[in-house]
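*Asks:* The structure is given below, and queries will be raised subsequently.
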Amino acid sequence: MDKASVYFATARSAKFAHSHSLLARLGRLLDQMNIGEIVQIDTPVPVKIHFGSRGAVHTVRPAYVGQVISALHNVPCQPFLTDSCRLRGLDYLGVARRNGYDWATIGAPVVLADGVYGNDSVVVTAGRLLEKAAIASAIHDAGSMVVISHFKGHSGAGIGGAVKNLAMGGVTGRPRCGSWQQGRGKAHFLLATAVEWTAERCSHCGTCIEICPVDAVSEVDGTITIDQGRCWRCGRCITTCPDHALTAPKDDSTFQEALAEQAAAVLSTFEPGRVLYLNFLLHMQPECDCVEIADVPVVQDLGVLASTDPVAVDIASLDMIAQQPPLPGSRAVQITIAPGQDVFSALHQKNSRGHALYLEKMGYGTSQYQLITVA
Ligand code: SF4
Ligand code: SF4
């Protein structure tokens, strides 16, 4: 396979002039990539992003999103900003607005890819682990797409970049036709069917009840109960339980492969070359934007990497990050980073490249790339 082209716009400004801003460089990057040849003209084009969470405010700034939207209007096409529900739909739209995403700020509508109830989806064939995946309708029905990713750490995958954004965000949490087995949570629960509670460990802090996006957790007479019919298998209660009283067995390698299968299932609904990926290597915090905090960054801002290849753009991002020292005062200074290792792999003790490399094996990209720096 030929090397993929990955475009890079640096965040470093050498002069006090707008033309040296990242915003201006992003505009030139989109011009240089000739995005009119990537997205379909005169059609709705989803611009897939993670809206963030309550307290997770270090998502991609609306000014950058607006720049992308402007370039898409010039194609011309009809962009709309979207994500599938991470919380109940209207609550998640509220998060989007609080994080600065609405029509007035970005110049396009903000809609839920899987509808207000988080169940609008179309089931497609997935890989050997997942078998089926329910793709959010507004993504499934599109002919082309732009994926904007805030590059950061992730406790399960090591990083959240383009491939993970495609995988977890392109698949709905609660399919209308089917069960959680076709939804996003299947990747979390390949080795289990339900969250398990260990009474002896539980301090009854109530975090799991508060954090559950679908009110599936309750406590009656000191017993934590999870409504298995409601549960999305999102894993938030497990991650946030301070006493490790909630568990579901998970194997890192299987999870990485399942993420790749979810990403491949989303991509199977597009013709090759019809998805543009923009990784924003800015304010790279240790945890995902699902977590309700905005921690200080662990590496310096680098800029924007872009490609039509999801594997290449994530591998190029990790290669660039691996050359950076950890930032003083951040979580990264408490850990040991091996020579050539990226900070996120060291922080989370995961192979951050794993899911991208599985996707490459499935034929949806290449880890070989050439870097093109935008002036
Ligand atoms: S978050 Fe953990 S410790 Fe707190 S109530 Fe739930 S199970 Fe118990
Ligand atoms: S995994 Fe936990 S937080 Fe997620 S839906 Fe199920 S009970 Fe709620």
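The values are calculated or read from the model by the stated rules, or taken from the named source; none is laboratory data. What you see is a predicted model; the values in this text were computed from it and never measured. All Cβ positions, even for glycine, are placed from backbone atoms using ideal geometry, and neighbour counts span all protein chains on display.
*Asks:* Answer yes or no: is there a residue in the range 273-286 that is among the β-branched types (Val, Ile, Thr) and under 30 Å from VAL217 (Cα atoms).
*Replies:* No, the conditions are met nowhere in the range 273-286.
*Asks:* Same structure, new question: GLY170: more than 10 Å from ligand 2 (Cβ to nearest atom), assigned by TED's automatic domain parsing to the domain that holds ILE148 and not β-branched (Val, Ile, Thr), yes or no?
*Replies:* On the way: more than 10 Å from ligand 2 (Cβ to nearest atom): yes; assigned by TED's automatic domain parsing to the domain that holds ILE148: yes; not β-branched (Val, Ile, Thr): yes.
Taking the combined requirement at face value, the residue satisfies it.
*Asks:* Which one of these is more than 26 Å from PRO46 (Cα to Cα), within 16 Å of ligand 2 (Cβ to nearest atom), buried (at least 24 other Cβ atoms within 10 Å of the Cβ) and not acidic (Asp, Glu): CYS231, CYS237, CYS241?
*Replies:* CYS237
*Asks:* For the range 284-321, give me each residue that is closer than 21 Å to HIS355 by Cα and touching a Pro at 6+ places or on another chain (Cβ under 9 Å).
*Replies:* MET284, GLN285, PRO286, THR308
*Asks:* Just checking: which of the helices (runs of 4 or more DSSP H) contained wholly in the range 158-251 hold 1 or more residues that are modelled with pLDDT under 95 and either within 12 Å of ligand 1 (Cβ to nearest atom) or among the aromatic types (Phe, Trp, Tyr) (or both)?
*Replies:* Per the criteria, 207-211, 236-240.
*Asks:* Being within 11 Å of ligand 2 (Cβ to nearest atom) and either crowded, with 18+ Cβ neighbours inside 10 Å or within 23 Å of the chain's Cα centre (by Cα) (or both) is the filter here, so list the residues in the range 180-206 that pass it.
*Replies:* TRP180, GLY183, ARG184, GLY185, HIS188, PHE189, VAL195, TRP197
*Asks:* Within the range 244-270, restricting attention to residues that are without any contact (Cβ under 8 Å) to a residue 60 or more places away in the chain and at negative phi, which residue is farthest from ligand 2 (Cβ to nearest atom)?
*Replies:* Narrowing the range 244-270 to residues without any contact (Cβ under 8 Å) to a residue 60 or more places away in the chain: 244-247, 249.
Then keep just the ones that are at negative phi; that gives 245-247, 249.
Working: ALA245: 12, LEU246: 7, THR247: 11, PRO249: 14 Å.
Top of the filtered list is PRO249.
*Asks:* Do any residues in the range 80-91 that are under 19 Å from GLY235 (Cα atoms) have Cβ atoms under 6 Å from those of residues that are polar (S, T, N, Q), where the two are at least six apart or on different chains, and which pairs are they?
*Replies:* SER84/THR172
*Asks:* Considering only the range 227-240, I want to know if a residue exists there that is basic (Lys, Arg), more than 21 Å from ILE293 (Cα to Cα) and free of Cβ contacts under 8 Å to residues at least 24 places away in the same chain.
*Replies:* Among the residues of the range 227-240, at least one is basic (Lys, Arg), more than 21 Å from ILE293 (Cα to Cα) and free of Cβ contacts under 8 Å to residues at least 24 places away in the same chain, which makes the answer yes.
*Asks:* Among the residues of the range 252-265 satisfying the criterion of being small (Gly, Ala, Ser) and within 17 Å of ASN351 (Cα to Cα), which is nearest to ligand 1 (Cβ to nearest atom)? Before the answer, list the steps.
*Replies:* Start the filter on the range 252-265 by keeping residues that are small (Gly, Ala, Ser), which leaves 253, 258, 260, 263-265.
In the following step, the residues that additionally are within 17 Å of ASN351 (Cα to Cα) were identified as 253, 258, 260.
Values: SER253: 27, ALA258: 25, ALA260: 30 Å.
So the residue we want is ALA258.
*Asks:* Follow-up. For the range 24-130, list the helices (runs of 4 or more DSSP H) that sit wholly inside it and hold at least 3 residues that are within 21 Å of VAL291 (Cβ to Cβ) and not aromatic (Phe, Trp, Tyr); which are they?
*Replies:* Numbers: elements: 62-73, 89-98, 103-106.
It comes to 89-98.
*Asks:* Quick one: would you say ALA216 is touching a Gly at 6+ places or on another chain (Cβ under 9 Å), more than 14 Å from ligand 2 (Cβ to nearest atom) and at negative phi? Steps first, answer last, please.
*Replies:* Numbers: touching a Gly at 6+ places or on another chain (Cβ under 9 Å): yes; more than 14 Å from ligand 2 (Cβ to nearest atom): no; at negative phi: yes.
The answer is no for ALA216.
*Asks:* Turning to a different aspect of this structure: Starting from the range 352-366, take each residue that is touching a residue at least 60 places away in the same chain (Cβ under 8 Å) and list its partners that are among the polar types (S, T, N, Q) and part of a loop (DSSP other than H, G, I, E, B), counting only C-beta distances under 6 angstrom and pairs at least six apart or across chains.
*Replies:* none
*Asks:* Tell me the residue from GLY143, GLY170, GLY118 that is touching a residue at least 12 places away in the same chain (Cβ under 8 Å) and at positive phi, please.
*Replies:* Working: GLY143 fails: at positive phi; GLY170 fails: at positive phi.
Testing whether each residue is touching a residue at least 12 places away in the same chain (Cβ under 8 Å) and at positive phi leaves just GLY118.
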